[in-house]
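> I am attaching a structure below and will ask some questions about it afterwards.
Quick note: the coordinates plus some simple rules give every number you see, no bench work behind them. Please read all numbers here as calculations on a predicted model, not as lab measurements. In this analysis, Cβ positions are derived from the backbone assuming ideal geometry, glycine residues included, and neighbour counts consider all displayed protein chains.
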């Protein structure tokens, strides 16, 4: 029978210099052995940077098994049997037994040959699988124990140091008096200077309006800062740490992640990694969770701050406003750049500059019409829409005492005003506590799922289940308690007397001399964002026809979070009454 060989190589950790000597040696030796045996076809398989102990997906191993089942491979060659599997023998034996029953011969170049029908071969194979698993388990237990000891002594276990820091080895003494070398984080002076310069630039420009176009970038935007640092030759961390990343460039997403890291404010923090759809963790950092004292829920300070905590919280508030259509003061259009003005087709509406203020307009940004969407332009007068939206809001405020539904909207606007005006460090603490609560809740749900699956059926498991449940419930309760304290300390109240002075009931709230008329563009934007969740503009009735702005506009007012799905629409009669 012809021999069709599959040579499998695996290495659990990729080498930094990408030489991958281990897998090259494995494959070269396997190919040589296949040729010596007279194989008519040789297929190579390789899984790099993947452990055979954890049970993680191994794409090429799965491809090898598939080829064996389909009859394309009848001889598997590996350097060590551990390259094939380090799983528990009870999990690995069904796989290798199935291969042997398919008529596949398994050859370890260092440990011998295993084929169907030879009982001693099978016993020997089981012993080798058990030895490989035990070796990995012992190594894993030792690594876990060493990490636990290092963590107890204040060591850094996060892999590569975050931007702004470097790792330094320090010898500490364990409780048994044994010396142990741990890694500590300390400031990297050149990177510290970069972080400080970036914040200085953002702070200087974040509230400055600008007119986009002509290839100009906002000097305080992440994109503009990255472009300038590239021009200035400021090295990325990747350019300074090794050959693999020597060609890396500054990217807004990378800069965003650096600025989001609480460690630059001196806080101890844990990275939260993104999960794939199947639930497995990736190496991509999604966010950070500030470590907090178990009793007081106050942030744990672990490092000297690169920028002060107050500055960091102010920076987070600015970053929270970043995104599609928001975050920077663009020109003098009130309703654009806030992620709330949309066309009936779902596209964002943007401002169109004109030579005179009365000719300015908001236009649909959609590039191509889909079936059922409007044809041609969907444009509306900027001045008319701004005035209409303002009148609707002021009418809402003036009828609040007589309408319970309107009072609900004003209550949410008051909450937003508090969040908008409260100190950045308080807003940051609130945001962090909400994340802490959500994280604990997610972990608790996963714990209950595992309990339902029977993972804690034995006495030890039940004890560990109860202990972890109590810890998670404690985290949730402490976060809830601190959030309640912050809520109680805040007294949300809208400054209605500034927008509608006493005795101004008969005065047009948007006419000359009113607050609205004298307010800056940013003040008007902040005012609108308190009350409005979404504005949708429909196309005019037809070419050359004038459709009143109130008939083309649907305004959805804000609601409390639990009612966010509801839409507040005032009727046409109410709108006309407000406009009268």
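> Could you order the peptides 517-524, 368-375, 190-197 from most to least packed, using the average number of other C-beta atoms within 10 Å per residue?
190-197, 517-524, 368-375
> Note the full-extension length gain between residue 196 and residue 283 as 0.36 nm times their separation in residues minus their Cα-Cα distance, in nm to one decimal.
Result for the pair: 28.6 nm of gain on full extension.
> Ok, one more. When 525, 533, 72, 36 are ordered from fewest to most other Cβ atoms inside 10 Å of their Cβ, what list results?
So the residues, fewest neighbours to most, are 36, 72, 533, 525.
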